[in-house]
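Here is the structure we will look at.
The values are calculated or read from the model by the stated rules, or taken from the named source; none is laboratory data. Please read these numbers as outputs of a predicted model, since none were measured by experiment. No Cβ is skipped: glycine too gets one built from the backbone with ideal geometry, and neighbour counts run over all protein chains shown. Please note that ligands, DNA and RNA were not included when accessible areas were found on the heavy atoms of the full protein model with its side chains. Shrake-Rupley method; radii C 1.70, N 1.55, O 1.52, S 1.80 Å.
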Amino acid sequence: MFGKLGTSEAPPRFDPVSLAVDSRAFSIVVYSMILLNCVFMVHAANEEIDRYSSGPSEFVVIVELIFQALYTIECIVKLWRFRLYYFYDSNWKYNWLDFSLLLMGVYYNFFENLLPNLTWLRMLRMLKLAKALRVIRLIAMVKPLRAILKSLASTIGTLGWSVVMLSGILFLFALIFVLRVASYLEEQELDGSLDPQVRDGLLQTYGSVETTMRNLYICSTGGDDWIACFDPLLPTGAVNQWVFLGFVAFTQIAVLNIILGIFVDEAMRSMLAETSERAREHAEELLQTERELRALCVEADTDGNGKLTQGEWLMAVKTSRLKNYLHMLDFRSSEVKDLVDSMCEQSPDGAVDIDAFVRACMRCRGAASRFDVQHVLRSIEGLRQSLRASGIDGRFTPPDASTDICRYGLRAARSAAAQCSAAALVDFGKSD
């Protein structure tokens, strides 16, 4: 659930500082420090607005310096541990954020009052608000919140294009309404029947393209009830009213829902784990499976010597726990029994080492890959070369003696190996 600080590509270091940085305790301390800093920022902001004329209190200044010192120590030890990987490895975004906030803190606490009171330097005071970005690090430590934060970041481009599209639609309808209202006012002015109240209402709502775009945006996004923009159009006739109702239906039903769908689709794509994260989760899953299988095998080892005999295996398989777990791993009990028997026969003491057995089971898990096929082909080719080196020419002789029996068995193995090799090559060629 909680992420661990650090970079994935930095080589390991074994000095005390590096081991401390790599520990989970260091991550917990840093996250706790950021949480306390967020709580303190609430107090500092409340005090700043209460003391806007007298400046911050001594307590706030001292605590700011303490946090600045802690963040400086954190940055130094992480630079010692990760060297230049700190700036371009997998967590470079958060590292650059920390480094930038650290430099800003140095400016606020030590140089703001020493430098000349220039205009462009006073503008840098607005960057003081950037220290609130440490909340992002606090959010990023929890995996679900980090996924949501990643989704929000991925929709920034979509947000920009959505605003452009919505602005274009508002501009088109605003132009229509302004021209229609101008035509109505012109006609009523010529007839001498223009009502001053109607004129004021229309000019207040549709007096310019900019004003109309603002009002249409407000009524289409829930900032105000759209009836406030609809009522001034009542004296202008049914055409303008239907155009406005069409605008409301188009934006509320079509435009906003389409934009919402695009946002959801973009967010769902960003929720998918990255390649490195998927690889890490897969490795952790395999490691957990291996640990559980090893624990069951240790439980089946009744004499506690770290090895399994055929009898111990048969007794363990009778229990549903181990049998069901093997089925979950797509193993049949009979197949695993053959593996145990084979490894026990090859062992001098007739028992199989638990670690070797677990590794063999994990290796046999799943379907055969092309690498497995190539390994089999190389083994078959090695067997054929061994047969040739032994002087076995493959001619059939009746098995009436022990040497003839061996020669007959080797010839049969050679024939089967050749057939298996040919079939494997054909299948391999088809798969390509």
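Here are the numbers for the structure shown:
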{"read-out": "Helices (runs of 4 or more DSSP H) enclosed by segment 319-393 - at least 1 residues per element that are at pLDDT below 70 and open to solvent by less than 90 Å² (accessible area, probe 1.4 Å)", "value": "320-328, 333-346, 370-389"}
{"read-out": "Given (1) within 30 Å of residue 150 (Cα to Cα); (2) surrounded by 12 or more Cβ atoms within 10 Å (Cβ to Cβ); (3) of a type in the set (Lys, Arg), index of the condition residue 199 fails", "value": "(1)"}
{"read-out": "Residues of segment 202-226 classified as assigned to a loop (DSSP other than H, G, I, E, B) and open to solvent by 70 Å² or more (accessible area, probe 1.4 Å), total", "value": "3"}
{"read-out": "Which listed residue, of 44, 25, 20, 69, is closer than 22 Å to residue 107 by Cβ, open to solvent by 40 Å² or more (accessible area, probe 1.4 Å) and among the small types (Gly, Ala, Ser)", "value": "69"}
{"read-out": "Test set (1) open to solvent by less than 90 Å² (accessible area, probe 1.4 Å); (2) at pLDDT 80 or above; (3) among the charged types (D, E, K, R) - residue 189 fails condition number", "value": "(1)"}
{"read-out": "Inter-residue pairs, beta-carbon under 9 Å, first closer than 29 Å to residue 363 by Cβ and in segment 373-400, second at pLDDT below 75 and outside any helix (DSSP H, G or I), 6+ apart", "value": "376/368; 387/394"}
{"read-out": "Filter pass, residue 255 being surrounded by 12 or more Cβ atoms within 10 Å (Cβ to Cβ), touching a residue at least 12 places away in the same chain (Cβ under 8 Å) and aliphatic (A, V, I, L, M)", "value": "yes"}
{"read-out": "Selected residue (criterion: surrounded by the fewest Cβ atoms within 10 Å (Cβ to Cβ)) from residues of segment 169-186 that are in contact (Cβ under 8 Å) with a residue 12 or more places away in the chain and aliphatic (A, V, I, L, M)", "value": "175"}
